[in-house]
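In what follows, a single structure is set out as structure tokens and then discussed.
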Amino acid sequence: MEHWRAPFLGLRDIPAALDDFELTTFFSYSAAELAVIRSLRKPLHRFGLAIHMGFIRMSGRTLDAVDRIPKALWSHLGTQLGIEPPEMGTLRSLYMERMRTLSEHQQLAYRTLGFQQMTEHQRRYMVRWLRETLTRNRIGSGCFYAAEEVGLIWKPSAAARRLRAAIERWRCCSS
């Protein structure tokens, strides 16, 4: 992974200001990705899926439905998708009536981008890698780097606690 991507990994919100490079890098789509986006019936759902795909590409994680979306991003996506951008500022109004749609869009975005759930074998490998290479204060970013490299979904909350506990057990037993 390129070093310039490190500041974006693990972000919880879309930055208030995105420059042209960031819009193009994270929120531009291949023909296959556009086909998946355009397969959705409603134009707002197309925007929602496109935002989720770009945010996962940017940060390695999903975007919550309440996050504010910069106008520049709406405009960029409108151009990409050939749809008039909406006037809304958040995704809340898109998913308010049916939160299951949010989850469906997040899962579809992961599948389209080639991410998969981490298997037990991969989790053990990650723990071993963390033991060998990370210090305690770098655990979060290191996990994002490693998961991003192999196209895995990284769920920081529960997974980070398990990995931290495993590392602590290893440190106690190895000293």
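The values are calculated or read from the model by the stated rules, or taken from the named source; none is laboratory data. Everything quoted here is computed from the prediction, not taken from an experiment. Every residue, glycine among them, receives a Cβ derived from its backbone with ideal geometry; neighbour counts consider all protein chains shown. With ligands, DNA and RNA removed, areas are computed over all heavy atoms of the protein, side chains included. Shrake-Rupley method; radii C 1.70, N 1.55, O 1.52, S 1.80 Å.
For this structure, a couple of remarks:
- Just so you know, in the stretch 32-64 the residues that are assigned to a loop (DSSP other than H, G, I, E, B) and open to solvent by 10 Å² or more (accessible area, probe 1.4 Å) include one that is modelled with the lowest pLDDT, and it is Asp64.
- Criterion: over 18 Å from Ala50 (Cα atoms), at pLDDT below 90, open to solvent by 70 Å² or more (accessible area, probe 1.4 Å) and not small (Gly, Ala, Ser) - qualifying residue of Arg100, Arg123, Arg128: Arg128
- Condition met for Thr79 (surrounded by fewer than 17 Cβ atoms within 10 Å (Cβ to Cβ), free of Cβ contacts under 8 Å to residues at least 60 places away in the same chain, within 17 Å of the chain's Cα centre (by Cα) and assigned to a helix (DSSP H, G or I)): no
- Test: Leu91 is open to solvent by less than 70 Å² (accessible area, probe 1.4 Å), out of contact with any Asp or Glu (no Cβ under 8 Å at 6 or more places or on another chain) and touching a residue at least 24 places away in the same chain (Cβ under 8 Å): no
- Considering the stretch 65-97, the residues that are closer than 19 Å to Leu18 by Cβ and among the polar types (S, T, N, Q) include one that is modelled with the lowest pLDDT, namely Thr90.
- Extreme residue, most open to solvent (accessible area, probe 1.4 Å), among residues of the stretch 1-27 that are over 15 Å from Ile51 (Cα atoms) and among the acidic types (Asp, Glu): Asp20
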